Amino acid sequence: NSKLHMVSDGRDRPLSFFLSPGQMSDARGAVGLLGDLPKAKRLLGDKGYDADWFRDKLKRKGVRTCIPPRAKRKKPASYNRRLYRKRHRIENAFARLKTWRRIATRYERCGDLFLSAICIAAIVFFWLPK
């Protein structure tokens, strides 16, 4: 099984993505996308990205984080709750990809073919309005 990691813009369009093994954590998978991260002031993520080392990497790149802390964290990091409400945009990008039945049901078992279908869908979504 594999997991899709993706960076999207404020208009629900996928900008960069890759497939990782299914057991890889969100934060570890996101490291693969840091090199392709577009110029951004902030990164919005869910609790799966709450790791000090990940926050530090983003800080060194000049990107501020808006990631809520995990429930069992000893020193919870602060985040902007108002800004965090906009995180639905990345979820919208995933939902938009899943409007393609081939992607939603994962017809292709081979990761390369599945990623190719995602690339085609991303190109269509990038150039066509909603």
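The values are calculated or read from the model by the stated rules, or taken from the named source; none is laboratory data. These numbers come from a predicted model, not from an experiment. No Cβ is skipped: glycine too gets one built from the backbone with ideal geometry, and neighbour counts run over all protein chains shown. Just so you know, the surface numbers come from the protein's heavy atoms only, side chains and all, with ligands and any DNA or RNA stripped out. Shrake-Rupley method; radii C 1.70, N 1.55, O 1.52, S 1.80 Å.
Per residue of region 113-118, in order, report the coupling 6.51 cos²θ - 1.76 cosθ + 1.60 (Karplus, θ = phi - 60°) as ³J(HN,Hα) in whole Hz, putting x for Gly and Pro.
Here the 3J(HN,Hα) series is 5, 5, 5, 5, 5, 5 Hz.
What list of ³J(HN,Hα) values in whole Hz, one per residue of region 91-96 in order, does the Karplus curve 6.51 cos²θ - 1.76 cosθ + 1.60 (θ = phi - 60°) give from phi, with Gly and Pro shown as x?
5, 5, 5, 5, 5, 5
Report the extension gain between residue 34 and residue 95 in nm, rounded to one decimal, defined as 0.36 nm multiplied by the number of residues separating them, less their alpha carbon distance.
Numbers: separation 61, 0.36 × 61 = 21.96 nm, distance 2.26 nm.
Difference between extended and current length: 19.7 nm.
When every alpha-carbon pair in region 2-127 is counted, what percent end up more than 17 Å apart?
60 percent
Measuring from centroid to centroid over Cα atoms, what is the spacing of region 66-95 and region 1-32 in Å?
That distance is 16 Å.
May I ask you to rank 99, 105 by accessible area, largest first, using a 1.4 Å probe over the protein chains only?
These residues rank, largest area first, as 99, 105.
With +1 on each Lys and Arg Cβ and -1 on each Asp and Glu Cβ, and nothing else charged, work out how big the dipole of region 2-127 is about its Cα centre, in Debye to the nearest 20.
Working: 31 positive and 11 negative charges, 158 e Å.
Rounded to the nearest 20 debye, it is 760 debye.
Compute the relative contact order of region 2-127 as a whole-number percentage, counting only Cα pairs closer than 8 Å that sit 6 or more residues apart in sequence.
Answer for region 2-127 is 24 percent.
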